[in-house]
Amino acid sequence: MTDPEAPVETAPVETAPVEDLLRELAPQVVGVLTRRFGDFTAAEDAVQEALLAAAVQWPGEGIPGNPRGWLIQVAQRRMTEEVRSEQARRRREDRVARQVPADRRAAPAADTVDTAGQDDTLTLLFLCCHPVLAPASALALALRCVGGLTTAEIARAFMVPEATMGQRISRAKQRIKASGVPFRLPETDGWAERLDAVLHVLYLIFNEGYATSVGDHLQRVELSREAIRLTRAVHALLPDDSEVTGLLALMLLTHARSPARTGPGGELIPLAEQDRGRWDGAAVTEGIALITAALPRGPVGPYQVQAAVAAVHDEAATAADTDWPQILALYGVLEGISKNPVVSLNRVVATAMVHGPQAGLDALEALAPDPRLTGHHRVTVVRAHLLEMAGDRTAAAELFRAASRATASLPERHHLAIRAARLTDPGPSA
């Protein structure tokens, strides 16, 4: 019988972007090897080496016809070599003997047929969010192993040094390993204690895909789609959970705008200037239906309120038709249940849209004592926007330039620099 996981002939690289494909397959391969060998830490380390090998070989040699099987084979070989090494032979063999069923010890690949095509990503996500870990460690580990974010990207999100984040992730893996927790979805009564972390991870993965924090591209659409896929899977497990439904609605309503967020050259197009005819109407319809059904069930949580805000934006035929008083009211509710500085900044903008730029500037000034916003370029962008609304073009241009220098996202940097240039351009002479 042909092994369905075995590598076969290669295909041209252009059949799929290597980086996107590796990010998609990594958690699946970690899941297969964790299930097979019972060692999450060793599996994750081995898969990282296989990913590195693929990133080097595939662009030149072509993507294998079965890339998932290629990664499994290379990572499994790496784990087998570790098992056989003189230095770790006894310790590793003992652990494998305890954790791997007897009928699979002699030939680890014997279960390949059973796991072919099986996606363990959701199981891996719940494992990373195990209650033995502190919430911050669970988030970091899941973003690394499931979201495919680099340690540097996660460190920026948590605003800590990369070395510190690397140590945190390493300790988290060791805690999971020491706990001896089996690699399977928890029983129904065990979901609640992990659900907040699971939803937060999915939210962060989606956001990194929708607005990439660093690099040449504004969006990593494949990352957003994966977050939506996993959230759908959680929703299938918990269809009556209002916050799960709210998160799925939020993702759909936000991702629906993706086709209109960039121009022909990849430049950023702000919401107010987007061609709403390019939005994904089916996603908008589904998202609105989900949040409409979720809100009456309660209790109302932050994902539901954010989805309601997104729905108000998406229901407006034009930017001028946006119901800003309703959005301002929703942000007031959101601030009451989620002490998030980004929410506060969004409320400032909504305040200006309803009550004028000076009211927005006053509200922004009230946020100055919050240390989480100190030096953040988003604050500079909001202040520049409000000053532009107030007619102070010179001050606004200066702040847009400062914000442009502070962001690590090249599309955002270019967009802010263009806004500054437009404000200082005197236009054609009379």
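The values are calculated or read from the model by the stated rules, or taken from the named source; none is laboratory data. What you see is a predicted model; the values in this text were computed from it and never measured. So basically every Cβ, Gly included, is an ideal-geometry build from the backbone, and we count neighbours across all protein chains shown.
Assess whether E44 counts as being under 24 Å from A227 (Cβ atoms), at pLDDT 80 or above and acidic (D, E). Taking the combined requirement at face value, the residue satisfies it. Looking at the structure I just gave you, is H355 assigned by TED's automatic domain parsing to the domain that holds H377 and modelled with pLDDT of 95 or more? Yes: the conditions hold for H355. With respect to being surrounded by fewer than 14 Cβ atoms within 10 Å (Cβ to Cβ), in a helix (DSSP H, G or I) and either of a type outside the set (S, T, N, Q) or touching a residue at least 40 places away in the same chain (Cβ under 8 Å) (or both), D189 fits the description. Of all the residues in region 324-352, those that are within 19 Å of G246 (Cβ to Cβ), of a type outside the set (S, T, N, Q) and out of contact with any Asp or Glu (no Cβ under 7 Å at 6 or more places or on another chain) number 12.
In region 275-303, what residues are assigned to a helix (DSSP H, G or I) and acidic (D, E)?
Answer for region 275-303, where residues must be assigned to a helix (DSSP H, G or I) and acidic (D, E): just E286.
Does A390 fit the bill of being over 29 Å from the mean Cα position of the chain (by Cα), surrounded by fewer than 21 Cβ atoms within 10 Å (Cβ to Cβ) and either modelled with pLDDT of 95 or more or more than 23 Å from V244 (Cα to Cα) (or both)? It is true that A390 is over 29 Å from the mean Cα position of the chain (by Cα), surrounded by fewer than 21 Cβ atoms within 10 Å (Cβ to Cβ) and either modelled with pLDDT of 95 or more or more than 23 Å from V244 (Cα to Cα) (or both).
Got a number for residues in region 358-375 being at pLDDT 90 or above and more than 19 Å from A396 (Cβ to Cβ)? Selection size over region 358-375: 1.
Take the conditions touching a helix residue (DSSP H, G or I) at 6+ places or on another chain (Cβ under 9 Å), closer than 18 Å to V32 by Cβ and of a type in the set (A, V, I, L, M, F, W, C) and apply them to L127. Does it pass? For L127, the condition - touching a helix residue (DSSP H, G or I) at 6+ places or on another chain (Cβ under 9 Å), closer than 18 Å to V32 by Cβ and of a type in the set (A, V, I, L, M, F, W, C) - is met.
Going residue by residue through region 225-240, is there one that turns out to be more than 23 Å from V132 (Cβ to Cβ), not hydrophobic (A, V, I, L, M, F, W, C) and not in a helix (DSSP H, G or I)? Yes, some residue in region 225-240 is more than 23 Å from V132 (Cβ to Cβ), not hydrophobic (A, V, I, L, M, F, W, C) and not in a helix (DSSP H, G or I). Among the conditions (1) at positive phi; (2) surrounded by 16 or more Cβ atoms within 10 Å (Cβ to Cβ), the only one that V305 does not satisfy is (1).
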